[in-house]
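Step one of this worksheet: look at the structure below.
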Amino acid sequence: MPEIKKLPKDFLWGYATASYQVEGACEQDGRELSIWDTFSRDPTHTEDGKSGDVATDSYNRWEEDIALMKSYGVNAYRFSLSWSRIIPKGGRDDPVNPEGIAFYRNFILKLLENGIKPMPTIFHWDTPQALQDKYLGFLNKDEIVQDFVRYADVCFENFGDLVETWLTINEPNIYSILGHCIGAHAPGRSSDRTKSPEGNSLTEPYIVGHSLLVCHARTINLWRTKYKQKYPHVKLGIVINVNWGEPYDSSEGSKEAAEEFMHKASLWLSDPVYFGDYSDYLKSKVGDRLPVFTEEEKSLLKGSNDFFGLNHYTAYYIKKRTTPIGPTDFMAQLMPDIEPTQIGSDGKEIGPKAGLSWVRPVAWGFRKLLEYLYDRYHQDIYITENGVICPNERNLPREVGLKDQFRIDYFKDYANQIIDLVNEGRVPVKSYIIWSFLDNFEWQEGFTRFGVTWVDFDDKLTRYPKDSAGYIKKFFEDHLEK
Ligand code: GBH
């Protein structure tokens, strides 16, 4: 038997979800609406015409969910807090909802009782609708920062004694671009007037990204000044979505294009967290559409992460753009010089087709990315999301869907990259959190099947473990030091 390479016993592993994708109960116990409630209640905004009003009803089934998770052997769970459940109207002078606080406090206590470390995300895209109505949410930095920091303070005050790992904001790059350039996510803003009566796809994403970073920086500052002394072991970080961009071929043009892709799609919002400002490279490309940080903001941002929170799913080949950009292809207009493709210069696909067009398994890209990020930032990396959907999984009958070999292969290949990098002493990866605990509301895609648990959306939302849940349980039993 070859010796099995191990991960240290404090390595965190488990599953992730987000409040709007699973909780449902959107007007229960004092919760008020978020921008995702209003956005997805318009049936033209989701693939299946459905909203997350009920989702997987996890707000009501939380005990059952924790028991199931426990049976999967995890030692951590990443979930997000719903701002409008905690402060229904969202604002700094608005009342806190005691039922919201009680729900999350009980939830976290139950996790701990089961040996599962809570990893809450403070903000996973569900801005209170009242704040969007009052001042356009993250388009108004001065207002949103004050409201956000007060919300974070309420979270720290009420759950700070129970949590060791906080994620401040999930994927600010996706919130900015999908919500304010393409208009596919809430609040649905875009220059495309068939989608949105107002919005500017080329400027708003940068304004929103900027506000999100300042919210992160001031939240960290609040923690460090008000709570850190009391809870010195606690770690906090922002979560960035990063795909790997592989140069299409060995030409200089492809190399430059891949670098530009990394900067424009992702490093845009992580460089400031480490270096205190946008890169000169980004400034030269985006020019005066990029907002400017004050000196105070720069110093608060620099060094504001205790770890790099990474959501990673897939890779693309990147080449210099050769084809014209359509008048409403605003995403391409944000990155006009580069073109991502899934077919390589050798004519081969970068990875097998999965159940959604954007997520092909490319495990070697994961390894390259982890090396790249560590070499850039020299900090521990927490994988906060990684996952896949099997080909056609959304349309399979349950008996077939439960046998998710495609997902098993994906996890095996990705997790082994981590094990290798850690054992080589090459990259300090400290967690592997898988998306997702259960099939759920996949934003504009409607209900899909990203979970290791099959949810019967037609019959009482009953949960059935897929094969992958058992595979991963055994994998970590074998690979974690005892
Ligand atoms: C994460 O986003 C989210 O944090 C999580 O809530 C989500 O459920 C999970 O991944 C699975 O998708 O318009 O071609 O970009 C990952 C980044 C951005 C990937 C939006 C899918 C939509 C297709 N996602 N993207 S595209």
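Across the cross-link table entries K70/K353; K285/K319; K70/K228; K283/K320, which are compared at the Cα atoms, the separations over 26 Å belong to K70/K353; K70/K228. Distance between the modelled labels on S299 and E27, one decimal in nanometres: 4.9 nm (7 Å Cα→Cβ projection). In this structure, the pairs whose alpha-carbon distance is over 24 Å, taken from K264/K368; K235/K298; K235/K412, are K235/K412. Based solely on its DSSP helices, what 222 nm [θ] is calculated for the chain when runs of n ≥ 4 H residues each add -39,500 (n - 2.57) and the sum is averaged over all residues, nearest 500 deg cm²/dmol? The per-residue figure over the chain is -11000 deg cm²/dmol. Sparse packing (at most 15 other Cβ atoms within 10 Å of the Cβ) combined with a DSSP loop state is found for the following GluC sites (Glu not before Pro) in region 377-482: E424, E481. Cα extents for the chain along the principal axes, largest to smallest and rounded to whole angstrom: 62, 53, 47. Loop-resident chymotrypsin sites (Phe, Trp or Tyr not before Pro) (DSSP state other than H, G, I, E or B) in region 333-402 with no more than 14 further Cβ atoms inside 10 Å of their Cβ: W358.
In summary, the helical segments of the chain meeting the span-like criteria, namely a full DSSP H run, a Cα extent along the axis of 20 angstrom or more and a mean Kyte-Doolittle hydropathy of at least 0.0, are 98-113, 204-222.
Annotation: amide H of N440 within the under-5 Å range of T448, F450, G451, sequence separation 5 or more or interchain, hydrogens built in the peptide plane.
The Cβ shell under 11 Å around K320 holds other residues with a net charge of -3, Lys and Arg each +1, Asp and Glu each -1. Once the C-beta distance of H378 and Q229 is scaled by a Förster radius of 25 Å, the resulting FRET efficiency is 0.45 to the nearest 0.05.
Just so you know, all these numbers are worked out from the coordinates, no wet-lab data involved. None of the values given here were measured: they were computed from a predicted structure. Every residue, glycine as well, gets a Cβ built from its backbone with ideal geometry; the counts of neighbours run over all protein chains shown.
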